Amino acid sequence: MECHESLERISEYIDGELCDTEYGEIKVHLLSCQNCQNVAREFQMLHEKVQQSLENTPVPIDLEQRILIAIEREQQKVSKQRVITLIALVMLGIPLLLLSPFLLRIVHLFYSTGYAFWRIKTVLMMLLPTTTSWGIGVTSFFLTVIGIYMIRALLRGSRFKEVSL
C-alpha cells in the first residue's frame, strides 16, 4: 500500500470502520512508514480529544423536542414553497392555456354541446305537459347534486388534498 492510499483511509482506520483486510494492510504500512505513523498519531489524538469533549458536554434535556420542532418548521416551509410554486405555475400557465388553439377548440366544443342540450331541453319543456316538465327539471336538479357529491367523494381519496391553501 502506498502513502496516499493509507492517508485517505487513516480516519476510517482509527475509527475502526475498515474490514479486516484493509485494516491489516494499513497496519503493515504504518509499521514501515514514519510519516504515516505521525499522521495516524495526530488523528488518534484528535479522535481522543473529540471523544473527551463529547463526554464532557451535557446534552440538553429538550434536544429531541427542539429537533422535532425544527423538522416540523422546515416541512412547513417546504409546504408553503410548494403552494407558492403551484400558484406561480398556474398564474404563468393560464395565459398560455387561454391563448392555446387546442384549449379554444375544447371550450368551443363544451359551449356548443351545452348550448345544444339547452336548446333540446327548452324545446322539450315547451312541447311536454307542465307536470312532465317539472319532473324533468327536478330530476335534472337531483342528478346534478348527486354528480357534485360523487366528484367530491372521488377527490377526497386523491392526492390533491395534500395541497392546502
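The values are calculated or read from the model by the stated rules, or taken from the named source; none is laboratory data. Quantities reported herein were computed from a predicted structural model and do not represent experimental measurements. Neighbour counts are summed over all protein chains in view; Cβ atoms, including those assigned to glycine, are modelled from backbone coordinates with ideal geometry.
With the structure loaded, tell me whether Glu12 is acidic (Asp, Glu) and in a helix (DSSP H, G or I) or whether it fails that test.
It is true that Glu12 is acidic (Asp, Glu) and in a helix (DSSP H, G or I).
What number goes with the only condition from (1) assigned to a loop (DSSP other than H, G, I, E, B); (2) within 26 Å of the chain's Cα centre (by Cα) that Leu68 does not pass?
The one condition Leu68 does not meet is (1).
Quick one: how many residues across the stretch 34-62 are assigned to a helix (DSSP H, G or I) and touching a helix residue (DSSP H, G or I) at 6+ places or on another chain (Cβ under 8 Å)?
We begin by selecting, within the stretch 34-62, every residue assigned to a helix (DSSP H, G or I); these are 34-56.
From the residues that got through so far, the ones that are touching a helix residue (DSSP H, G or I) at 6+ places or on another chain (Cβ under 8 Å) too are 35-37, 39-40, 43-44, 47.
Here the count works out to 8.
Looking at Thr85, is it over 30 Å from Ser140 (Cβ atoms), part of a helix (DSSP H, G or I), at pLDDT 80 or above and not aliphatic (A, V, I, L, M)? Reasoning before the result, please.
Working: over 30 Å from Ser140 (Cβ atoms): yes; part of a helix (DSSP H, G or I): yes; at pLDDT 80 or above: yes; not aliphatic (A, V, I, L, M): yes.
In short, yes.
With the requirement that a residue be modelled with pLDDT of 80 or more and either outside any helix (DSSP H, G or I) or not aromatic (Phe, Trp, Tyr) (or both), what does the stretch 141-165 give you?
The initial filter retains those residues of the stretch 141-165 that are modelled with pLDDT of 80 or more, namely 141-150.
If the condition is that a residue be modelled with pLDDT of 80 or more and either outside any helix (DSSP H, G or I) or not aromatic (Phe, Trp, Tyr) (or both), then Leu143, Thr144, Val145, Ile146, Gly147, Ile148, Met150 are the ones that fit.
In the stretch 29-44, what count of residues is obtained for those that are free of Cβ contacts under 8 Å to residues at least 24 places away in the same chain and either surrounded by 11 or more Cβ atoms within 10 Å (Cβ to Cβ) or not aliphatic (A, V, I, L, M) (or both)?
Number of matching residues: 6.
Taking the stretch 15-33 on its own, how many of its residues are in a helix (DSSP H, G or I) and under 13 Å from Glu2 (Cα atoms)?
9
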